[in-house]
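The values are calculated or read from the model by the stated rules, or taken from the named source; none is laboratory data. It should be emphasised that the depicted structure is a prediction, and the values quoted were computed from it without experimental measurement. Because the Cβ atoms are built from the backbone with ideal geometry, glycine has one as well, and the counts that use them run over all protein chains shown.
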Amino acid sequence: MCLVLPPRLTASARTLRDTARRRGLRTVQLPDGVVPGELRDGDAHLHAGPSFADAVAPALGIAPLEAPADWLARLPVTFVRREIRAVPLREAYALRRPVFAKSPNDKSIPALVYADGSRLPGPDAVDPETVVLVSDVTVFDAEYRLFLLDGQVHTGSRYAMSGRLDMAPLTASACAFGSELLAAAGHTLPSAIVVDVGTTDAGQWAVVEANAAWASGCYDSDPDRALDVVLRAAGPAARLTERDTAFVR
């Protein structure tokens, strides 16, 4: 088994690399998007950003899993505590109020509060048909990352307080909210995924967003258990289960 990594490693990627090596996995850091022949027929897995994954996953025979683009918008309001819509960027241009907007599964539209739709990236930068998530502006007091595997919270950690990086162990209440979410909507997610959750300034638990585990930082999560999720989330297409086929990027 081999864990493939991109040219530049974040602190989290280095942690997962070292964890993989302790398990006896081979790790390969590619200098660019060219996949060597010896990796093309192997048991390869991936931890990288979306652009690099798009460049190398097909040649590696990897099926990266991610949540549907409109997953967050389809959740019941009791889990998100705000109005969220998944719309084409051309429609979002017409918004004339402050909104939080982001790309569902990549960084083409930066995750920011925009004064109105006219401040979103223009058609010269992003295809107007690109789906964007737009939501009410919501303040989160504390935010937690949950690594989910086979319908369970496998590990996780706090990563922010009042919008600033602040790592700490996962709390029982964050884990309980994740379990409640999985009980209600776990079937709408792949078997391995990351979901960020948090408490709003009104004291309510809410889902922040879903992220591909293969592109997510592990923060203060148990690195071994986070690696379990990453390996499942971006592994050989030949081993893909029927359940996960609908969630391949």
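Could you check, for the range 212-219, whether at least one of its residues is at pLDDT below 95, out of contact with any Gly (no Cβ under 6 Å at 6 or more places or on another chain) and not charged (D, E, K, R)? No, every residue in the range 212-219 fails to be at pLDDT below 95, out of contact with any Gly (no Cβ under 6 Å at 6 or more places or on another chain) and not charged (D, E, K, R). For beta carbons closer than 6 Å, sequence separation of 6+ or different chains, a first residue in the range 109-135 that is touching a residue at least 40 places away in the same chain (Cβ under 8 Å) and at negative phi and a second that is in a loop (DSSP other than H, G, I, E, B) and charged (D, E, K, R), the qualifying pairs are 135/82.
From the list 176, 246, 183, which one is over 21 Å from residue 68 (Cα atoms), in a helix (DSSP H, G or I) and out of contact with any strand residue (DSSP E or B) (no Cβ under 6 Å at 6 or more places or on another chain)? Write out each step before concluding.
Working: 246 fails: over 21 Å from residue 68 (Cα atoms); 183 fails: over 21 Å from residue 68 (Cα atoms).
Going through 176, 246, 183 in turn, the sole match is 176.
For the range 181-202, residues that are farther than 24 Å from residue 45 by Cα and touching a residue at least 12 places away in the same chain (Cβ under 8 Å) total 10.
For every residue, the table says whether it meets (1) more than 23 Å from residue 54 (Cβ to Cβ); (2) modelled with pLDDT of 95 or more; (3) exposed (fewer than 13 other Cβ atoms within 10 Å of the Cβ).
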site: 93; (1), (2), (3): yes, yes, no
site: 108; (1), (2), (3): no, no, no
site: 156; (1), (2), (3): yes, yes, no
site: 172; (1), (2), (3): yes, yes, yes
site: 175; (1), (2), (3): yes, yes, no
site: 179; (1), (2), (3): yes, yes, no
site: 190; (1), (2), (3): no, yes, no
site: 195; (1), (2), (3): no, yes, no
site: 198; (1), (2), (3): yes, yes, no
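Looking at (1) in contact with a strand residue (DSSP E or B) (Cβ under 6 Å, 6 or more places away or on another chain); (2) over 29 Å from residue 21 (Cα atoms); (3) not in a helix (DSSP H, G or I), which is the only condition residue 203 fails? The failed condition is (1).
Pull up the range 1-26, narrow it to residues that are among the polar types (S, T, N, Q) and buried (at least 18 other Cβ atoms within 10 Å of the Cβ), then point me to the one that is farthest from residue 106 (Cα to Cα). Lay out the reasoning, then the answer.
First pass over the range 1-26, keeping only residues among the polar types (S, T, N, Q): 10, 12, 15, 19.
After this cut, where a residue has to be buried (at least 18 other Cβ atoms within 10 Å of the Cβ) as well, the list is 15, 19.
Values: 15: 22, 19: 26 Å.
It comes out as 19.
Pairing each residue of the range 24-50 that is in a helix (DSSP H, G or I) with any residue that is charged (D, E, K, R), provided the two are 6+ apart or on different chains, yields C-beta distances under 6 Å for 50/106. When the range 27-58 is filtered for residues that are within 20 Å of the chain's Cα centre (by Cα) and surrounded by fewer than 16 Cβ atoms within 10 Å (Cβ to Cβ), the ones remaining, listed by number, are 51, 54, 58.
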